[in-house]
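Report on the structure given below.
The values are calculated or read from the model by the stated rules, or taken from the named source; none is laboratory data. Computed from a predicted model, the values in this text were never measured in an experiment. Cβ atoms come from the backbone with ideal geometry, glycine included; neighbour counts cover every protein chain shown.
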Amino acid sequence: MIEPKSFFREMDSILAKIRIEKTEEDFLTYILNELENKFGSRINIKNGRIYEQRGKDFILIEPKNDEAIKNFAAQIPVHSEAIQLLSQNRSYIFDSINFNKTFLNPDGEKTETPAALWVHSPDQQWLVVFELGQNWERDEISLFLNSVRIALNYRIFSDVLSDRMEQATLIQRSLLPKKAPEIKGYDIYGKSISAEFVGGDFYDYFNFDDGSFGVSLGDASGHGLPAALLVRDVVIGLRMGLAQEFRIVHTIKKLNQVIQQSTYSTNFVSLFIGEIEQDGHLFYANAGHPAPLLVTRNNALELEATGITLGFLPEIDLHRGYARLFKNSVLVLYSDGIIERESEKMELFGIEKLKKLVIKNQKLNAKELVELIFSTVYDFGNKTVWKDDASIVIIKRNNQPD
């Protein structure tokens, strides 16, 4: 089975080879060839081709040779049942015998199982179709199709919307808190650095009527404008849900449904959200996010995931976790841009270095500790530009009477 994060990294390496000025047709053709070369033998896909919508039909535009025209359907009506299924699902494996001929020449003897995905810009539609070889696996092909669809739409919409980047930057800055809340007995500070003009990391604070307060930190897959668009939806969704006094788990499950329906941006989000009572009781949900650290003296407890990353499935199983912030404890929320930053020798900073750094410097105030972590990780990466968004929120419970 292809691991999702590994797959996205490989897709990023393919996308990075394409220059911005290339036409969309050249872009899709290149991607098609790269996908077959890189993944064909691994997941049993072959005979990739591209259809472009022109009027009431999808017309075969790649490949262009006579052999392809002989074997493959030259055009497919938009109103056909197969295309309607693909339009509704955005990716589809046509393993029913009723659809075997949809993407093949009706007069030919060739019969294969087609698998297709839908790619679009604001004013154009394409189909990318593969044939499945023997011993293909449904889960693997489904992950491949959806991941490719997300990555291609990411790229196409990024290009289309690139001239709106400055406006998006202002919008994202407005979503991040201008300052940390002042909570008696606590010291709080957060900071986020984007790898591009806008990014996929976000954090927020919440105040509840019963005197408790909340914090969230999340990471939308990828970075840049598409991730930022999704961040906007998630931050607003969290604020609305919690303002209406919905439970944390209920709010996150609703957010998952919103993310599932997203088509104009990346749509996987890891998220940690916690509610902290005045006396230090912490109730949290962790949807596939890197485990925050709760440091008390020389011990660093990892607050592991209580459910999967948002966006993979329409319905998720998510439960609450519990921890206690004793006086002088330090809660460290961070994104993977911190622990996955690489040194010149390709070594990751990692969770263990982060634990040791916080334990050693836990007496610093929240802002000083955040700045120390950022400077240490930045230096670890040989002071090169950040290749991934990086965020940290520190919450210290002070040694004061409650």
Subject >> Subset of region 386-401 that is closer than 11 Å to ILE193 by Cα and surrounded by fewer than 24 Cβ atoms within 10 Å (Cβ to Cβ) - its residue that is nearest to the chain's Cα centre (by Cα) >> reply: ASP388
**OP:** Any chance you could count how many residues in region 305-334 are in a strand (DSSP E or B) and either surrounded by 14 or more Cβ atoms within 10 Å (Cβ to Cβ) or without any contact (Cβ under 8 Å) to a residue 24 or more places away in the chain (or both)?
**Re:** 10
Subject >> Tabulated pairs, region 189-201, first in the same structural domain as ASP336 (by TED's automatic domain parsing), second among the hydroxyl-bearing types (Ser, Thr, Tyr) and outside any strand (DSSP E or B), C-beta under 6 angstrom, 6+ apart or interchain >> reply: PHE197/THR169; VAL198/THR169; ASP201/SER335
Subject >> Within region 43-84, tally of residues that are over 33 Å from the mean Cα position of the chain (by Cα), surrounded by 13 or more Cβ atoms within 10 Å (Cβ to Cβ) and part of a helix (DSSP H, G or I) >> reply: 3
**OP:** Output yes when any residue across region 337-358 is crowded, with 16+ Cβ neighbours inside 10 Å, closer than 21 Å to TYR186 by Cβ and among the small types (Gly, Ala, Ser), and no when none is.
**Re:** no
Original post:
Any idea which of ASP95, ASP139 is part of a loop (DSSP other than H, G, I, E, B) and either aliphatic (A, V, I, L, M) or closer than 28 Å to GLU10 by Cα (or both)?
Top reply: ASP95
Original post:
Quick check: anything in region 377-385 farther than 20 Å from GLU196 by Cα, surrounded by 15 or more Cβ atoms within 10 Å (Cβ to Cβ), modelled with pLDDT of 95 or more and in contact with a strand residue (DSSP E or B) (Cβ under 8 Å, 6 or more places away or on another chain)?
Top reply: no
Original post:
How many residues, within region 189-210, are among the hydroxyl-bearing types (Ser, Thr, Tyr) and in contact with a helix residue (DSSP H, G or I) (Cβ under 7 Å, 6 or more places away or on another chain)?
Top reply: 1
Original post:
From the list LYS345, LYS353, which residue is free of Cβ contacts under 8 Å to residues at least 40 places away in the same chain and either among the aliphatic types (A, V, I, L, M) or part of a loop (DSSP other than H, G, I, E, B) (or both)?
Top reply: LYS345
Original post:
Can GLN278 be described as under 19 Å from VAL235 (Cα atoms) and either surrounded by fewer than 20 Cβ atoms within 10 Å (Cβ to Cβ) or in contact (Cβ under 8 Å) with a residue 60 or more places away in the chain (or both)?
Top reply: no
Subject >> Residue match in region 121-128 (condition: in the same structural domain as SER91 (by TED's automatic domain parsing), among the polar types (S, T, N, Q) and in contact with a helix residue (DSSP H, G or I) (Cβ under 6 Å, 6 or more places away or on another chain)) >> reply: yes
Original post:
Would you call LYS110 outside any helix (DSSP H, G or I), among the basic types (Lys, Arg) and either at pLDDT below 90 or closer than 29 Å to LEU230 by Cβ (or both)?
Top reply: yes
